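Visitor: There's a structure below that I have some questions on.
The values are calculated or read from the model by the stated rules, or taken from the named source; none is laboratory data. Quantities reported herein were computed from a predicted structural model and do not represent experimental measurements. All Cβ positions, even for glycine, are placed from backbone atoms using ideal geometry, and neighbour counts span all protein chains on display.
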Amino acid sequence: MFTGIIQSIGTVESLQNDILKIRTVNNKFFNLEFGTSIAIDGCCLTLKDYEQDLLCFQVSDETLSRTSLKDSHCGYVNMELPLTMDSFLSGHLVQGHVDEVINLKTIEKLESELWNFTFSNASNKYLVDKGSITINGISLTVVEPDEDTFTVAIIEETFNRTNLKNLSVDDRVNVEYDIVIKYLEKLNYDN
């Protein structure tokens with residue numbers, strides 16, 4: 001379980017066969033037990049090994065088929081360690097289970113170091129105005145959803161601490177919809 005508050009940006013060094021290697025300078029990600037869950041662009045992966053200063057993860061075909069990890073990637077990934085019982089829940093509850101990959105439609109820079117990022121090809125049934133959403137592992141708030149499109153307002157702190165600053169229009173990103181909305185859908189479906 002994660003919060004969507006990014007702790008580091010990593011560099012994708014390689015993805016060969018089923019091994020993903022990531023470089024980070026953040027010491028929090030080293031000296032962890034093998035088997036520790038780490039969110040990589042919102043995808044919960046299991047630490048397999050360290051190779052010098054690289055973190056190594058084994059990535060299944062299923063994960064590659066459901067995430068943007070296999071796509072032409074911006075080269076940088078958002079990283080978060082799992083939630084602990086004494087962690088601040090500054091974002092929202094994030095499972096690290098990517099629901100789908102969607103497209104970055106527009107980036108609009110506003111005044112005072114604010115940005116609007118608009119995404120398309122999302123599942124409308126999970127888009128709630130002012131509801132929570134996770135984009136590449138970042139806990140964000142949905143603004144003005146319309147059919148399969150929505151916007152998120154990005155403040156300077158979020159822009160600088162995440163890989164949003166490395167994205168371009170038409171890039172594909174991982175999305176995880178709010179678990180509460182998915183449970184409500186399941187309850188309605190079963191009744």
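Visitor: Restricting attention to the range 43-56, does a residue exist that is at pLDDT 95 or above and assigned to a loop (DSSP other than H, G, I, E, B)?
Guide: Scanning the range 43-56, I find no residue that is at pLDDT 95 or above and assigned to a loop (DSSP other than H, G, I, E, B), so the answer is no.
Visitor: Just name the residue that is surrounded by the most Cβ atoms within 10 Å (Cβ to Cβ) out of those in the range 137-178 that are touching a Gly at 6+ places or on another chain (Cβ under 8 Å) and of a type in the set (Asp, Glu).
Guide: Taking the candidates together, the pick is GLU176.
Visitor: Of all residues in the range 86-95, which are touching a residue at least 12 places away in the same chain (Cβ under 8 Å) and either in the same structural domain as ALA39 (by TED's automatic domain parsing) or exposed (fewer than 12 other Cβ atoms within 10 Å of the Cβ) (or both)?
Guide: We begin by selecting, within the range 86-95, every residue touching a residue at least 12 places away in the same chain (Cβ under 8 Å); these are 87-95.
Answer for the range 86-95, where residues must be touching a residue at least 12 places away in the same chain (Cβ under 8 Å) and either in the same structural domain as ALA39 (by TED's automatic domain parsing) or exposed (fewer than 12 other Cβ atoms within 10 Å of the Cβ) (or both): PHE88, SER90.
Visitor: Does ILE40 satisfy the criteria of being under 19 Å from TYR177 (Cβ atoms) and modelled with pLDDT of 95 or more?
Guide: Numbers: under 19 Å from TYR177 (Cβ atoms): yes; modelled with pLDDT of 95 or more: yes.
In short, yes.
Visitor: Can you tell me which residues in the range 57-72 are more than 13 Å from GLY42 (Cα to Cα), buried (at least 18 other Cβ atoms within 10 Å of the Cβ) and not β-branched (Val, Ile, Thr)?
Guide: PHE57
Visitor: Go through the range 44-54 and give me each residue that's closer than 26 Å to ILE102 by Cβ and not polar (S, T, N, Q). Before the answer, list the steps.
Guide: Within the range 44-54, the subset closer than 26 Å to ILE102 by Cβ is 44-46.
Once the filter is applied, which keeps residues that are closer than 26 Å to ILE102 by Cβ and not polar (S, T, N, Q), the range 44-54 yields CYS44, LEU45.
Visitor: Go through the range 57-94 and report how many residues are outside any loop (DSSP other than H, G, I, E, B) and β-branched (Val, Ile, Thr). Quick ask: steps written out before the conclusion?
Guide: Just the residues of the range 57-94 that are outside any loop (DSSP other than H, G, I, E, B), to begin with: 57-58, 61-66, 68-70, 76-80, 94.
Within this subset, residues satisfying the condition of being β-branched (Val, Ile, Thr) are 63, 77, 94.
Summing the residues that are outside any loop (DSSP other than H, G, I, E, B) and β-branched (Val, Ile, Thr) in the range 57-94 gives 3.
Visitor: Let me ask something else. Based on what the data block shows, is VAL101 under 13 Å from MET1 (Cα atoms), in contact with a strand residue (DSSP E or B) (Cβ under 7 Å, 6 or more places away or on another chain) and surrounded by 15 or more Cβ atoms within 10 Å (Cβ to Cβ)? Talk me through it step by step, then tell me what you get.
Guide: Numbers: under 13 Å from MET1 (Cα atoms): no; in contact with a strand residue (DSSP E or B) (Cβ under 7 Å, 6 or more places away or on another chain): yes; surrounded by 15 or more Cβ atoms within 10 Å (Cβ to Cβ): yes.
No; evaluated as a whole, the condition is false for this residue.
Visitor: Additional query: Within the range 1-41, work out how many residues are without any contact (Cβ under 8 Å) to a residue 12 or more places away in the chain and in a strand (DSSP E or B).
Guide: So the answer is 2.
Visitor: Considering each residue of the range 133-151, count those that are of a type in the set (A, V, I, L, M) and under 17 Å from LYS165 (Cβ atoms), and give that number. Full working, then the answer.
Guide: First, the residues of the range 133-151 that are of a type in the set (A, V, I, L, M): 133, 135, 138, 140, 142-143.
With the extra rule that they be under 17 Å from LYS165 (Cβ atoms), the set shrinks to 135, 138, 140.
Qualifying residue count, the range 133-151: 3.
Visitor: Report the residue count in the range 124-136 for those that are loosely packed, with under 15 Cβ neighbours inside 10 Å and in contact (Cβ under 8 Å) with a residue 40 or more places away in the chain. First the steps, then the outcome.
Guide: First, the residues of the range 124-136 that are loosely packed, with under 15 Cβ neighbours inside 10 Å: 124-125, 129-130.
Subset that is in contact (Cβ under 8 Å) with a residue 40 or more places away in the chain: 125.
Counting residues in the range 124-136 that are loosely packed, with under 15 Cβ neighbours inside 10 Å and in contact (Cβ under 8 Å) with a residue 40 or more places away in the chain gives 1.
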